Every structure is written in structure tokens, then in C-alpha cells.
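Participant: I'd like to ask some things about the structure below.
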Amino acid sequence: MEAEDLVEELKKRLPKENFDWQFDRQADKLRIVHHTLHKGMDISLPEILSKYEQKKERAIDEVVYTVQETFRAMEREQAKGFAGENTIYPVIRSTSFPTESSAGQAFLTKDHTAETRIFYALDLGNTYRLIDQGMLSDLQMTEQEIQEVAMFRVKTLPTAYKQDVVSDNIFYFINNNDGYDASRILNQPFMKEMEQKIEGHMVVSVPHQDVLIIGDIRNETGYDVVAQMAMQFFTTGAVPVTSLSFIYEDGKLEPIFIMAKNRLARRDKKK
């Protein structure tokens, strides 16, 4: 599928009368502008085409769903504002993710790791809206209150997981597809609970927003496996975060390229 084919397919699936289509062939970018809202969203076509190679029609379904829900949220915002809304969760994004909205308002953020940053999202049912400075007055909350509410609510999310064993290494997958799977990495009681189960090294990956991978790495093969898993998920996720993994120990995250053997030796000394 070529970029032009993808644009035509999206036009078929989305109501043409609602949108103005601006296809920049040189930049391989599509901008869709809502006629009534006079607001738009940009779509990077190469990213979708890459996912189409692996996921086929499901990749296009995801884009259509995202466009529809994003504009529904915008319509709701224009009609009702955010008064009375307080269902807020933290979300994990790459440090390369924009820190300002398209309107130039700074998002509320907090440092996390060298690869990831925490944003805050107002849950709107089937989608959410990243919170920016311009929303604080409507929400009638301070930045600190939003952070506190978000960190409390992330602990209420379900933490059921699926388990797989590869070459004597155990992998746990949290994948509820609620938009906050990667956010579970901020649920410290859950992370500490998982740490108690781990017999080798606890390795954590957030390749995209809809999965959290926790690995009980017990041999060198395990590091190769988790690296391959993280890259695979990273390339297929709707909202990629990072293909790098982290070693989790005593509540802290360190990049996996910190020598694991040294950490194993330190753990053995503690015993």
C-alpha cells in the first residue's frame, strides 16, 4: 500500500462531509480538519504504512477509531468544557513526545526516566485528553492536585497479567487495552509485589502505551528475548514509547545497558 492509497482508504471510512483533507505528499503527512470545530489533527503516513505491513486492516481500523474518538472528544469539550470532570490518570510517553498542545499550551508533565516522561490525562470514556495548563481553571485543580489524583487512581487499575516462559525466563504481560497499561509501571505497590516474585533480575519494558512487560530474567538468553519482544511491540503499537528496557530494583529504574552481571553480583552479596 502506498501513501496515496492509504489516504483514499481513510476517506472511504470517514465521513467526507465532516472533514477537510490536506495531503502533503512531500512530507508524507495527512492533516484532517473538522469543518465545524475548525480544529485538526496530523497523521504521519509512514508510521501507519509500516504497521500495515504487519497488522494489515487492523492498522487502518486503529487510525479510523483514533480520528473518530479524538474529534468526538473535541466536540464534547466545545459543548460542555471540563467542569465536573476529575477522572485523571498518568500516561507514559517518550521524551521526544511534544510537550505542548497544538494550541501552544504546555502539557502537565513530570520527569520519569531518560527515555520516558509522565503526562496526565483526563479520561473521557473511549478516549482521553492530555491535560495542559489551559485546562486547569476549568478543572478547578492545581497541578499538584492533578498529579496526586493521577497517582492515586493508577493504583486502582486492574493488574491482571498473562504469563509466558521462554528458555527458563518468565515474562508477565499487562495488556488491558484501556490506554493505561504502560501507566501501571507507576503503581509502586504492584511493582514491589512483582519484585517479590522475581528470582532473577526484574526487567521492565513499556514499548507502547497498551502494554507493560515484566521479565524475570534468569539467564543471558532472557536479555535477548526481552530486547526482541520490546522492539516487536514498539514497532506495532499505536502510541510507541520506547524500545529500551529497564532493570527495576528497590523502586528504581535503570537502563538495561547498565551491566546486569554486576547487579547480579551485588544481589548475591546481599544474600
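The values are calculated or read from the model by the stated rules, or taken from the named source; none is laboratory data. Here the structure is a predicted model, which means the values were calculated and not measured. Every residue, glycine as well, gets a Cβ built from its backbone with ideal geometry; the counts of neighbours run over all protein chains shown. What goes into the accessible areas is simple: the full protein's heavy atoms, side chains included, and nothing from ligands, DNA or RNA. Shrake-Rupley method; radii C 1.70, N 1.55, O 1.52, S 1.80 Å.
Participant: Among the residues of the stretch 65-87, are any aliphatic (A, V, I, L, M) and modelled with pLDDT of 85 or more?
Facilitator: Checking the stretch 65-87: not a single residue is aliphatic (A, V, I, L, M) and modelled with pLDDT of 85 or more.
Participant: Quick one: VAL204 ticks every box in (1) assigned to a helix (DSSP H, G or I); (2) open to solvent by less than 20 Å² (accessible area, probe 1.4 Å); (3) not small (Gly, Ala, Ser) bar one, so which box is it?
Facilitator: (1)
Participant: From the list GLY215, GLY222, which residue is modelled with pLDDT of 90 or more, open to solvent by less than 60 Å² (accessible area, probe 1.4 Å) and assigned to a strand (DSSP E or B)? It would help to see each step written out before you state the result.
Facilitator: Values: GLY222 fails: assigned to a strand (DSSP E or B).
Being modelled with pLDDT of 90 or more, open to solvent by less than 60 Å² (accessible area, probe 1.4 Å) and assigned to a strand (DSSP E or B) holds for just one of GLY215, GLY222, which is GLY215.
Participant: Does ALA150 count as touching a Phe, Trp or Tyr at 6+ places or on another chain (Cβ under 9 Å), of a type in the set (Gly, Ala, Ser) and over 21 Å from SER243 (Cβ atoms)?
Facilitator: Answer is yes for this residue.
Participant: Given the stretch 107-154, what strands (runs of 3 or more DSSP E) lie entirely inside it while holding 1 or more residues that are surrounded by 19 or more Cβ atoms within 10 Å (Cβ to Cβ), in contact (Cβ under 8 Å) with a residue 40 or more places away in the chain and within 14 Å of the chain's Cα centre (by Cα)?
Facilitator: Details: elements: 109-111, 116-123, 128-130.
Passing ranges, in order: 116-123, 128-130.
Participant: Still on this structure, I have one more. Looking at the stretch 90-106, which of the residues that are modelled with pLDDT of 90 or more, open to solvent by 30 Å² or more (accessible area, probe 1.4 Å) and not β-branched (Val, Ile, Thr) is farthest from the chain's Cα centre (by Cα)? Spell out how you get there, then give the answer.
Facilitator: Residues of the stretch 90-106 modelled with pLDDT of 90 or more: 90-100, 105-106.
Those still in the list that are open to solvent by 30 Å² or more (accessible area, probe 1.4 Å) too: 95-100, 105-106.
This time we only want the ones that are not β-branched (Val, Ile, Thr), so: 96-98, 100, 105-106.
Numbers: SER96: 13, PHE97: 11, PRO98: 13, GLU100: 17, GLN105: 21, ALA106: 19 Å.
Taking the candidates together, the pick is GLN105.
Participant: Among the numbered criteria (1) over 19 Å from PHE234 (Cβ atoms); (2) modelled with pLDDT of 80 or more; (3) polar (S, T, N, Q), which one does THR36 miss?
Facilitator: (2)
Participant: With respect to TYR172, is the statement that it is among the aromatic types (Phe, Trp, Tyr), surrounded by fewer than 21 Cβ atoms within 10 Å (Cβ to Cβ) and modelled with pLDDT of 95 or more true? Even if it seems obvious, please write down each step before you answer.
Facilitator: Numbers: among the aromatic types (Phe, Trp, Tyr): yes; surrounded by fewer than 21 Cβ atoms within 10 Å (Cβ to Cβ): yes; modelled with pLDDT of 95 or more: yes.
Answer is yes for this residue.
Participant: So GLU53 clears everything in (1) in contact with a strand residue (DSSP E or B) (Cβ under 6 Å, 6 or more places away or on another chain); (2) at pLDDT below 85 except one condition, right? Which one?
Facilitator: Just one mismatch for GLU53, condition (1).
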